[in-house]
Amino acid sequence: MAFHWRIVHSRLGLFVFATFACLQFSVTLQSCSRKQHDFGNISETQYSSNPRPISGAILVLYRMVHGFIDIVQPNPFPTDIVKTLVKDASELENKYQKVLLYEIGFIVCAIIGILFFLLMPLVGLCFCCCRCCGNCGGKLYQEQTKSTNCRRKSLAAILFLVTTVILAGNVCMFISNEKVTESLQDSGNLLGDTLRNLKTYLNAIPKQITAITNACAVPINSVTDNLDNIGSDLGVTILKILGETTYDALNSASQLAQDITEMNDKLLLINSTAAWLLQQQEVLEQNLTAIRQDINNTFNKCGSGCSSSQGLVANLTLSANFSTVPNMDKEIRAMKELVNANLSFFVQEGYKAFNDTPALLVNQSANTVTETKKSIKNIEMQIKNITNELPVLTSITSVSSEIDNINTSMNKYLPQVQQGDKYRWIVGIVLSCIILLVVLCNYLGMLLGATSLDPNVDPTERSLVSNCGGNLFMAGASFSFIFSWLLMLFVFIMFIVGGNVYSLVCKPWYNDELFQIIETSGLSAKLNLAQSFGLKNTTLNISNVYNDCQNNTPVWKVLKLSQTFNLDEHLNLSKYTGNIANEFDRLNINLSEIVLLNDKGKKIVNDLPKTGINDLNFTSISKQLRMPIIQGELLYTAEKLENLSKEVSDPTKTNLGRDAANLKELNNWVQDNMVPNIENLKENIENLQAKTSQIEVNVNATLSNVTSAQTFLQTKASNIIKNETKAFLDCQLAIFDSYVSWTKTMITEDLARCRPVAEAVNGAETIACAYLLDSLNAFWFSMGWSTIFLIPSIIFAVKLAKFYRRMTTSDVYE
C-alpha cells in the first residue's frame with residue numbers, strides 16, 4: 001500500500017510540473033510577443049521665465065509712436081539698398097536717390113526740426129527786440145470793446161486746452177523717461193536669464209543623447225537575462241512541445257506500473273479473503289451440525305407433538321463451498337517478482353531524463369550564450385558611439401563658449417551703461433522740467449488772472465495778482481523761446497536714430513519678416529548657420545529655422561541632420577545580430593541521450609502477460625459467491641421453533657427455546673463475519689477481472705507509445721528545437737529592433753525641441769525693442785509732441801497776457 005501511494009504522489013508531482021511548465025510557456029510567449037519595454041523618456045528641462053510683453057496704459061503711447069513712425073516711413077523694407085550695402089558699400093553712392101526716396105519721411109521731419117531749431121531762437125530774438133521797441137504788443141495799452149471779455153475767455157480756453165495737451169505730453173515724458181531706466185536696469189537680468197536659458201538648452205542636448213544611448217541597457221539587460229534564463233525560457237518551451245507526445249507515453253507506462261501494483265494487491269486480497277472464508281466455512285459447518293443434532297434430539301424426545309416440524313432440520317445445511325477458489329500461488333509469485341522489479345522506478349527515470357531537457361539545453365548552449373553576450377557588448381559600443389559622432393554635438397561647446405563671452409562682456413559693460421543711464425535720466429528730468437515750467441507758468445497765469453481780474457476795473461488799475469498772472473504768461477513764452485530749440489535738437493537726434501532702428505529692425509522683427517529679409521538681402525551669407533554648427537553640404541534658412549523652433553520642432557529636422565548624419569547606418573545592428581543568428585544556427589541540441597523506458601522497464605512490461613493473472617478463472621468462486629451460505633433461513637427456523645415451544649411443555653419447551661436462541665446467535669455471527677468477507681471478495685474479483693481483461697491491450701499500447709515517443713525524440717525533436725530556438729532568437733532580436741525604432745523616434749522627433757531658442761530670440765526682441773527702444777521712442781515722441789505745442793502756447797499766452805497785465809495808458813469803454 002505504501003508503494004502504491006508513492007506511485008500516486010509521483011504522478012501528482014508530474015502533473016503539477018507539467019501544468020507549471022505549460023503556464024510558464026504561455027507567459028514566455030506573451031512576454032515575447034506583447035511586452036512593451038519601457039526605454040524611458042527624455043527629461044524635461046526647466047527654464048527661467050521669458051520677458052513678458054508690454055501691457056497696461058503705456059502700450060497706448062507705444063502704439064501712437066508706432067503709428068507716427070509708420071506714417072513717416074510707410075515704405076517697405078529697402079532690401080535692394082541692404083543688398084548693395086552688403087556687397088559693396090562704395091556702390092551705395094550711386095544709389096543715393098533710392099536712399100533719399102526711402103528716407104523721404106525722415107528727411108521731411110528732419111527739415112521741419114532743423115527749421116524749428118533755427119527759427120525759434122531767431123523769432124524769439126526778433127520778438128524780444130520788437131517788444132522792447134513797444135511793438136508786437138509791447139505797448140501797455142489795451143483798447144476796450146464789447147468783445148473784450150469774450151476774447152479773453154476764448155483765448156483763455158484755447159490756452160488751457162493747448163497747455164493741457166503739453167502737460168499730457170510732459171507727463172508721458174516723465175513716465176517714458178522712467179521706463180527707459182527701468183527697462184535698462186531690468187534688461188541686464190532678463191538678458192542674462194535669456195542667455196542662461198539658451199545655454200541650458202545647449203547643455204541639455206548631450207544629456208538627452210546620453211540618456212537615449214544609455215537606454216540601450218534596457219534591451220541589453222533584457223536579452224542578457226533571457227540568455228541567462230535560456231533553460232527556463234527556451235528549455236521549458238521545448239519541453240512543453242515535446243511533452244505533448246512524450247508525456248503521453250510516460251503516463252501510459254506510469255499507469256501500467258500502477259495497474260501492476262493494484263492487480264498484485266487485489267490478488268493478495270482475494271487469496272487471503274478466500275482462505276479466511278474457508279476457515280469460517282468450517283466453523284460454521286461445525287456449529288450448524290451441533291445445533292442440528294440438538295434439535296433432532298429434542299424432536300425425538302418430543303415425540304408425536306413435534307413430528308410436523310421434522311422438515312425444519314433438513315434445510316440447515318451449507319450451500320456455499322469456498323474451497324472451489326482456484327490456487328493462485330503461481331500467479332502471486334509471478335506478480336510479486338514484477339512488483340519487486342519496480343516498473344515505476346524506471347518510468348520515473350524516464351520522467352527525470354526528459355524533464356532535464358532545460359538543463360541539457362543550458363549545458364549544450366553555453367558557448368553560444370557566451371559568444372552572443374560578446375556580440376551584445378559590441379552592440380552597446382556601437383550605439384554609444386552616436387554620442388561622439390553626432391555633428392551637432394561638436395559645435396555645442398563653441399556655441400556655449402560664445403554665449404559665455406557675450407555674458408561676460410554684458411556683465412563687464414552693463415554697470416557702465418547703467419551708470420551712464422543715470423546721467424541720461426537726469427538730462428531727461430531736466431528737459432521734462434523745462435516743459436513743466438512752461439506748463440506751470442501758463443496754469444498759474446490763468447489761475448491768478450482769472451481769480452483776481454475785475455472786468456469793470458480800468459486796465460491801468462488792475463490788481464497786482466492779475467498783473468502777476470499776465471507776467472507768468474510772458475515768462476512761459478520766454479522760456480519757450482529760450483529752450484524750445486534745445487528740446488527740438490534732442491528730439492531730432494533721437495527721432496532719426498530711434499525711428500530708423502524701429503523701421504529697419506524692430507518693425508520687421510515684430511512682423512516676423514526680419515529673418516526673411518536677412519535671407520533675401522544676402523546677410524545670411526555672412527551668418528552661415530550650417531557652418532556655425534559644423535554641418536557640411538547643408539543649407540539652412542534662418543527664417544525656416546526660426547519658424548520651426550517656434551513650432552518646437554526637434555533639432556534633427558531643424559538642422560537637417562539627416563543630410564550629414566546617416567542615423568540608419570549608425571543604428572544598423574545587422575552585423576552584430578547576424579553574428580548572433582549564426583551562433584544560434586550552429587547550436588545543435590542533442591536529445592539522443594534521453595531514454596524514456598530502458599530495456600529492464602520494457603522487460604517488466606512484456607513479462608506482465610506471462611504471469612498468468614489474465615488466465616485466472618473465477619467462474620466457480622463467483623458462482624459460490626452468488627449462492628446463499630445456508631440453504632434454509634436461520635431466523636425463519638428459529639421463529640418456527642419458538643412458535644412450536646409454545647405448544648409443548650417442559651422440558652421440550654425449554655430445549656426448543658435454547659435451540660432457537662442458538663440459531664439466532666449463529667445467524668448474527670454469519671452476518672458479522674462471513675457476509676463482509678464475501679462482499680469484499682466479490683468486489684476484488686470484479687476489479688481484478690476488469691484489470692486483467694485489458695492487460696494485453698495496455699501492454700501493447702504502452703510499448704507502442706514509448707517506442708513512438710522515443711522515435712519522435714530521435715527524429716523530429718531536432719527540427720522542433722531549431723524552430724523554437726529561431727523563435728527565441730527572433731524574440732531577442734525584436735527587443736533590439738524595438739529599441740532601435742524608439743531611438744530613431746527619440747532622435748528625430750523628441751531630441752532637443754528648439755522652442756527655447758525661438759523664445760530666446762523673442763526675449764531679445766522684447767528686451768531690445770519692446771522695453772528699451774519703445775520707451776526711448778516714447779520719450780522723444782512725448783517731448784516733440786510737447787515742443788510743437790509750445791508754438792500755439794506762445795501765441796495765445798502773449799495775446800492773453802495783455803488781458804491780465806496792468807496797462808500804463810487808460811482806455812475806458814462805456
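Below are the figures for this structure:
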item	result
Cut-off under 5 Å, modelled amide H: who pairs with Arg753 long-range	Val555
Pairwise centroid distance, computed over Cα atoms, of segment 650-696 with segment 187-209, Å	106
Length-normalised contact order of the chain in % [C-alpha pairs under 8 Å, at least 6 apart]	34
Residue-level accessible surface for Cys132, protein heavy atoms, 1.4 Å, Å²	110
Shape box of the chain [Cα atoms, principal axes, largest first, Å]	200, 78, 37
Straight-distance crosslink candidates among lysines, where the alpha carbon sits under 26 Å from Lys603 and sequence neighbours closer than 8 are dropped	Lys266, Lys330, Lys336, Lys352, Lys691
Gain in span if fully extended, Lys557 to Asn500, counting 0.36 nm per residue against the direct Cα distance	16.9 nm
Ordering of 338-347, 634-643 by burial proxy (mean other Cβ atoms within 10 Å per residue, highest first)	338-347, 634-643
Efficiency of FRET from Cβ geometry, Asp421 and Val399, R₀ 35 Å, rounded to 0.05	0.70
Relative frequency of Cα-Cα separations exceeding 14 Å in segment 711-777, percent	77
Centroid-to-centroid separation of segment 584-641 and segment 245-287 [C-alpha atoms, Å]	7
Extended-chain gain in nm, criterion 0.36 nm per residue less alpha-carbon gap, Leu444 and Ala701	79.5 nm
Nearest 10 degrees, 0 to 90: helix 755-765 Cα axis against the chain principal axis	10
Positive dipole terminus of the chain, leading residue within Met328, Pro415, Phe789 (C-beta point charges)	Phe789
Two-site label geometry, Met627 and Asp737: point separation in nm, points 7 Å out along Cα→Cβ	8.2
Extended-chain gain in nm, criterion 0.36 nm per residue less alpha-carbon gap, Ser323 and Thr451	30.1 nm
Separation in nanometres of the label points that stand 7 Å from Cα toward Cβ, at Cys150 and Ile54	4.6
Segment 554-685 - percent relative contact order, Cα under 8 Å, separation 6 or more	18
Alpha carbon convex hull of segment 638-756, volume per residue in cubic angstrom	276
Spin-label pair Leu464/Cys129, simplified geometry with 7 Å Cα→Cβ offset, distance in nm	3.6
Set of lysines near Lys653 by C-alpha distance (under 26 Å), chain-local residues within fewer than 8 positions excluded	Lys301, Lys640, Lys664
Cα-based shape type of segment 639-690, given that a ≥ b ≥ c are square roots of the gyration tensor eigenvalues and the cut on a/c is 1.5	prolate
From the C-alpha gyration tensor of segment 174-295, square roots of 5λ in Å	103, 26, 8
Protection-proxy order for peptides 745-751, 241-247, 756-762, each taking the mean of Cβ atoms within 10 Å per residue, highest first	756-762, 241-247, 745-751
Translational diffusion of segment 288-435, µm² s⁻¹ [Kirkwood Rh, Cα pairs; Stokes-Einstein; 20 °C; 1.002 mPa s]	70
C-alpha long axis of helix 464-501 to longest principal axis of the chain, angle in °	50
FRET efficiency, Val283 to Lys726 (Cβ-Cβ, R0 51 Å, nearest 0.05)	0.10
Segment 330-481: relative contact order in percent, alpha carbon pairs under 8 Å with at least 6 residues between	16
Burial order of peptide ranges 406-413, 229-236 (average beta-carbon count within 10 Å, highest first)	229-236, 406-413
Those lysines that a straight Cα-Cα span of less than 18 Å connects to Lys207, excepting residues fewer than 8 apart in one chain	Lys199, Lys384, Lys744
Per-pair calculated FRET efficiency, R0 = 41 Å: Trp276 and Asn296 via Cβ, rounded to 0.05	0.85
Rule-of-thumb Rg ratio for segment 564-645 [Cα; 2.2 N^0.38 Å; N residues]	3.44
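The values are calculated or read from the model by the stated rules, or taken from the named source; none is laboratory data. This is a predicted model, so every value here is computed, not measured. Cβ atoms come from the backbone with ideal geometry, glycine included; neighbour counts cover every protein chain shown. All accessible areas refer to the heavy atoms of the entire protein, side chains included, with ligands and DNA or RNA removed. Shrake-Rupley method; radii C 1.70, N 1.55, O 1.52, S 1.80 Å.
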